[in-house]
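The structure under discussion appears below in the form of structure tokens.
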């Protein structure tokens, strides 16, 4: 409830029915060299289905954000595709994150179809970009993705991040962190 209240307070629309399902959780492990690994359980979001997608809410939006984790279940995958379908029908942009290199090993072809079609912005890290493109250099990866997605936002760990927009690579410097 505190999360929903915070979202409402800052003006984020929430149309969430309470459920007895446990909340999703994510455990983040940080190594001494400040790299992170995440262990995720979708919790209540694993019950999301296409019937939960509200066309009117999507129609009123500028962007729809779709997580790659939704592809791990039949119902959640159907919900993701429904949200994308309604977004495109209503001229709403689609942002997509592949979420994890492991998911790319399972759903690479589907993710590539999304990139070649409805995705306007792809979020990924370098490992995910390498798995998607089968390239190694960050700029080569971003350019390969950018051939299909108008916008790319790729994190590079300690090296910062890389944006691709209108054919230009825009490097963002990393910030030193201590674990």
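We did not get these values from a lab; they are worked out from the coordinates using the rules stated. Values in this document were obtained by computation on a predicted structure and should not be read as measured data. Virtual Cβ from ideal backbone geometry, glycine too; neighbours counted across all protein chains shown.
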Among the residues of the stretch 130-146 satisfying the criterion of being over 12 Å from residue 161 (Cα atoms) and in contact with a strand residue (DSSP E or B) (Cβ under 8 Å, 6 or more places away or on another chain), which is surrounded by the fewest Cβ atoms within 10 Å (Cβ to Cβ)?
143
For the stretch 18-116, which strands (runs of 3 or more DSSP E) that fit wholly inside it have 1 or more residues that are touching a helix residue (DSSP H, G or I) at 6+ places or on another chain (Cβ under 6 Å) and surrounded by 15 or more Cβ atoms within 10 Å (Cβ to Cβ)?
63-67, 93-97
Under 8 Å by Cβ, and 6 or more places apart or on different chains, what pairs join a residue from the stretch 161-179 that is without any contact (Cβ under 8 Å) to a residue 40 or more places away in the chain and at positive phi with one that is outside any loop (DSSP other than H, G, I, E, B) and surrounded by 10 or more Cβ atoms within 10 Å (Cβ to Cβ)?
167/146
Could you tell me whether residue 13 is surrounded by 10 or more Cβ atoms within 10 Å (Cβ to Cβ) and over 21 Å from residue 77 (Cβ atoms)?
yes
